[in-house]
Amino acid sequence: MNWKIHPLVPDDAQEALDLLKTLSDNGEVLYKPLEKEDFLNRFFGEKRWGFIARNEDGKLCGFVHAAAKISFLTGETEENTPLYLTMLLVAADCRRQGIGQALLDAVKALGAEVGKKTLVVSGDNPVHLAWLIPGANGHDHNNAPGVDKNGMGYDFLMKRGFADDFHEISMYLNLSHYKWDEKLDGMIAKLAEEGIRVGRWELGLGEDYNGMCDRVGSEYWRNVLKCEIAAWHAGQPNADPELWVDGVKPAGPRPLLTATKGNAIVGFTGPVDLQKSGRGWFTGICTDPDFGGRGIASVLFNMLMCEFVDEGAQFCSLFTGLDNHAQKIYRRAGLDVVAHFAVISCPLDGGERYEKRYF
């Protein structure tokens, strides 16, 4: 059957969504089906591109999407960040006709045309697609951290120039099953003896997070702490209006859990937030390497679970490196592994592998 490649346009949205829902319902992909308005908001805009394949009868046989960043962390630029492959789907009855290859080639050509050196599948994609957690009765995670290693897409891409960069596992806990371990009380007391306070951050506690972020090597977490602490200052009665966001005074800062010693933040998790899905949301957990081995991460993570329960969250999900020793902390808190993702990349014409530090 003959088919042709065309740019993805808003009029294609419903057909693309129908294909996504079919493959999601069949269990072929973990991506959560989207509403049309959400699809239009995520897949169209500055530096977001897509292509479709239609057969001679006009049927949409498949589509692909890619995106590039338009806002950057410290050290990132337009030139040194990659093109991100968002999604590549082909209908079951249209496979083995070269459609997937043609759609992928279209994205690769686009990437080279806009000056990108690498095509990457990772959670850094600015589109941020939610995925359904297997066996969790519809619970979802807000961002796919790469390509599902157990899905067909992984093998397809690995045979077409992609290579593994990093493997991550996703973990899940129904919070109705969470229980605080009384051993943590002793750990908190021992930390206090060393002058380390753990709990909710508040004004007047340490605000120096740069040493920790320097030693961990994370500009992302530096930015998180900068923004959250700024929100605390902006929410004060006499706060400088220059601290407000778009001229609007914040309704109130989000809870942030920290370990502090003197003026230094030596560990953190949060900020604590609740998604409409019932998921307890947070950006991650970090401990200053100079303060490792004291149980700080264990205490903070379990405090986070308690905060989620108090906020009315139904579940917690996260992803972490396949070999990350922090898995032990999450398992002790009750989380189980539910999926395995891979961050993969492919050099574009004249480009090279994308290098990034993963945690």
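With a cut-off of at most 11 other beta carbons within 10 Å, and DSSP calling the residue loop, which GluC sites (Glu not before Pro) in the stretch 70-130 qualify? Please list them.
Within the stretch 70-130, the qualifying GluC sites (Glu not before Pro) (loop, at most 11 other Cβ atoms within 10 Å) are E79.
Check I133: other-chain or 5+ apart residues with amide H under 5 Å from its amide H, H built from backbone geometry?
Long-range HN contacts for I133: H139, D140, H141.
Hey, fewest Cβ within 10 Å first, where do H65, H139, H128 land in order?
If I rank by nearby Cβ atoms, fewest first, I get H128, H139, H65.
Which order results if T22, T258, T77, T283 are arranged by neighbouring Cβ count within 10 Å, fewest first?
By the 10 Å Cβ count, ascending: T77, T22, T283, T258.
Can you put T81, T74 in order of Cβ neighbours within 10 angstrom, beginning with the fewest?
T74, T81
Which chymotrypsin sites (Phe, Trp or Tyr not before Pro) does the stretch 147-194 hold that lie in a coil by DSSP with at most 14 other beta carbons within 10 Å?
Of the chymotrypsin sites (Phe, Trp or Tyr not before Pro), the ones in loops of the stretch 147-194 whose Cβ has at most 14 other Cβ atoms within 10 Å are W180.
Could you grab the relative contact order for the chain? Cα pairs under 8 Å, six or more apart, rounded to a whole percent.
Dividing the mean separation by the residue count of the chain yields 20 percent.
With charges only on Cβ, +1 for K and R and -1 for D and E, what is the dipole size of the chain about its Cα centre, in debye, rounded to 20?
Computed about the Cα centre, the dipole is about 560 debye.
Sort the following peptides by mean Cβ neighbour count (other Cβ atoms within 10 Å, averaged over residues), highest first: 226-233, 34-41.
226-233, 34-41
Using the Cα centre as the reference, give the magnitude of the dipole from point charges on the C-beta atoms of the stretch 179-333 (Lys, Arg: +1; Asp, Glu: -1; all else neutral), rounded to the nearest 20 debye.
500
Which of D164, D105, D185 moves most in a GNM of the chain, Cα contacts under 10 Å?
Taking springs between Cα atoms under 10 Å, the residue moving most is D185.
Is it possible to state the helix-based mean residue ellipticity at 222 nm for the chain, with each DSSP H run of 4+ residues giving -39500 (n - 2.57), the sum divided by total residues, to the nearest 500 deg cm²/dmol? What is it?
When only DSSP H runs of four or more count, the value is -8500 deg cm²/dmol.
In terms of Cα to Cα distance under 24 Å, which lysines are near enough to K159, apart from those fewer than 8 places away along the same chain?
Those lysines meeting the cut-off are K4, K108, K116, K117, K149, K356.
For the stretch 32-63 and the stretch 124-177, what is the separation of their C-alpha centers, rounded to whole Å?
Taking the Cα centre of the stretch 124-177 as reference, the centre of the stretch 32-63 is 20 Å away.
Quick note: the coordinates plus some simple rules give every number you see, no bench work behind them. Computed from a prediction, not measured in an experiment: that's the story for all the values here. Positions of Cβ are generated from backbone atoms using ideal geometry, with glycine treated the same way; all protein chains shown enter the neighbour counts.
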